[in-house]
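A quick write-up on the structure given underneath.
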Amino acid sequence: MTASGDPPLVGVVALQGAAAEHVAAFRRLGALAVEVRTPGDLDGVGAVALPGGESTTMSHLLGTSGLFEPLAERLAGGMPAFGTCAGMILLAAEVLDGRPDQRCFGAIDISVRRNAFGRQVASFEADLDTEGLDEPFEAVFIRAPWVERIGSSVKVLATVSPRSTLQDASATLAEGPDGLKYHRSVPVLCRSGPILVSSFHPELTADDRIHQIFLEMVGASVAR
Amino acid sequence: MNSGDGASHLVGTVRVKRGLADMLRGGVIMDVVTPEQAKIAEDAGAVAVMALERVPADIRRDGGVARMSDPAMIEGIQAAVTIPVMAKARIGHFGEAQVLESLDVDYIDESEVLTPADEAHHIDKWAFTVPFVCGATNLGEALRRISEGACMIRSKGEAGTGNIVEAVRHLRAITGDIRKITQADAAELFDWAKQLQSPLGLVQEIAETGRLPVPLFCAGGIATPADASLVMQLGAEAVFVGSGIFKSEDPGPRAEAIVEATTHYRDPSVVAKVSRGLGSAMPGLEMEGLETKLADRGW
């Protein structure tokens, strides 16, 4: 860990997917960022980003590369993390419609449904009203997951309404009999403590404001 | 402006189409002909599967007209896995592409592996919501496909041979010309566009960015983990493996090994580790002995 006040090095997990775009976004904002493929690459890293890609593939490669255990240990120790799409799935507490052997870190108390908006022809762009941002964020959703359950510690920063043509959208319309919170619009950007997750891909647009939100969270976490 | 109205969603945009290709980067896309093979591919860490009736090695052996796969077979594979499912249409056969789009496949490969349906025209890919990948042997071909709406380019290689030599030729041709274009002055770019028979705007974009406007993947002849490492180091951003996995002696471990080699392509010790004890690779063919060169298909 860096000394209090120094900007921490952001490690972008680069086993597969759009890691290079995250590195570029962090560097545009003046942060130090490196790609992480092995446990040794975590040396000196004070925060991590898990990019978009295929979550089942990343889950598999986290195992074979030996990264899963050291990452899990650091996340449990309070290291800040930013997960987009597949990265959100990996940070979640529960994965719905995943593979039975799919692993996740449980760093944020949410249940995430994979490919919830549908296959690629249903992938979309939408302007999102986002808490903490003055102007809407142009969000790109690709075979995206959505958040189906949030724990009490989780703050929702943006939501989106599934297209009405999707049959399984009704799954999120009801209030849960279990006392858990369900949303008519589904959460797509959530924060809990030092963890930030999005269903969409801020790394695919030139707008770095969501990355900026994460860097501010990291700064606050280091200062504390 | 709002998040509460489903009508504000835009589908089929360039960002959304190219975005899925971006998400597949660093991964391995595997040809599969049955739901069982698709499961083996997903178990091994494939980022996507290509659903088809016969792998290229068998298409080459059997001869005859090769067409789009049976929709029932594609649906069987869609039901078996959670990762993206691609399928092939014949060059120029927009009728097949329309059928594949209606099946909700995640990507369409307008492929020279199937028998071409049109000897002059490729599919107008802008007319579709589903994204397309197309093969290319050189930069001009790649840019013509992109101008028609392709959102991912792959080397053609020589499919079904287990021989990497043609894919290497195509990758070097594409990346070599990109490097030269970045050194060209503004006046020379007009000549590059003429030589490449490609739109000037795309040539100017490459001069500025130093890369194709869409992801560049490698296909055609990949049979071993070291093949994957080679083509990734030559500038491919992901690999397609066709016959190389399910025509080998022990497909599961080989598939897993190629996935790992693609992620850790810069680390020879990992490639060595995963290459141990994989059994025989697919037998493979020499270029001189081929009756049909699939890479010559496409215009």
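A few remarks follow.
- For segment B:284-299, a tally of residues being open to solvent by 50 Å² or more (accessible area, probe 1.4 Å) and in a helix (DSSP H, G or I) returns 3.
- Contacts under 8 angstrom Cβ, first residue in segment A:68-82 being over 17 Å from A:Glu35 (Cβ atoms) and part of a loop (DSSP other than H, G, I, E, B), partner among the polar types (S, T, N, Q) and open to solvent by less than 30 Å² (accessible area, probe 1.4 Å), 6 or more apart: A:Gly78/A:Ser221; A:Pro80/A:Ser221
- Residue ID - nearest to B:Ala80 (Cα to Cα), chosen from residues in segment B:24-41 that are assigned to a helix (DSSP H, G or I) and open to solvent by less than 10 Å² (accessible area, probe 1.4 Å): B:Ala38
- Sole residue being within 17 Å of B:Pro199 (Cα to Cα), open to solvent by 20 Å² or more (accessible area, probe 1.4 Å) and modelled with pLDDT of 95 or more, chosen from B:Asp124, B:Asp118: B:Asp124
- Only residues that are open to solvent by 80 Å² or more (accessible area, probe 1.4 Å) and under 21 Å from the mean Cα position of the chain (by Cα) were counted across segment B:172-206, and they come to 1.
- Of all residues in segment B:54-79, those that are more than 28 Å from A:Asn115 (Cβ to Cβ) and free of Cβ contacts under 8 Å to residues at least 12 places away in the same chain have Cβ atoms under 7 Å from Cβ atoms of residues that are outside any helix (DSSP H, G or I) and open to solvent by 50 Å² or more (accessible area, probe 1.4 Å), 6 or more apart or on another chain, in B:Asp62/B:Arg54.
- Residue within segment A:1-9 that is under 22 Å from B:Ile83 (Cβ atoms) and modelled with pLDDT of 95 or more present: no
- Elements of the type helices (runs of 4 or more DSSP H) sitting completely within segment B:219-283 and holding at least 3 residues that are open to solvent by 50 Å² or more (accessible area, probe 1.4 Å): these cover B:225-233, B:268-275.
- All of (1) surrounded by fewer than 20 Cβ atoms within 10 Å (Cβ to Cβ); (2) more than 7 Å from chain A (Cβ to nearest Cβ); (3) in contact (Cβ under 8 Å) with a residue 60 or more places away in the chain hold for B:Val11 with one exception: (2).
- Test: A:Gly66 is surrounded by fewer than 16 Cβ atoms within 10 Å (Cβ to Cβ) and within 24 Å of B:Val28 (Cβ to Cβ): yes
- Selection over segment A:101-124 of residues that are assigned to a strand (DSSP E or B) and out of contact with any helix residue (DSSP H, G or I) (no Cβ under 6 Å at 6 or more places or on another chain) gives a count of 5.
- Within segment B:102-143, the set of residues being under 19 Å from B:Ala238 (Cβ atoms) and polar (S, T, N, Q) comprises B:Ser111, B:Thr137.
- Residue within segment A:103-112 that is away from chain B (no Cβ under 11 Å) and farther than 21 Å from A:Met217 by Cβ present: yes
The values are calculated or read from the model by the stated rules, or taken from the named source; none is laboratory data. These numbers were taken from a predicted model, which means no experiment stands behind them. Neighbour counts are summed over all protein chains in view; Cβ atoms, including those assigned to glycine, are modelled from backbone coordinates with ideal geometry. Each accessible area value is taken on the protein alone, full model and side chains, heavy atoms only, with ligands, DNA and RNA left out. Shrake-Rupley method; radii C 1.70, N 1.55, O 1.52, S 1.80 Å.
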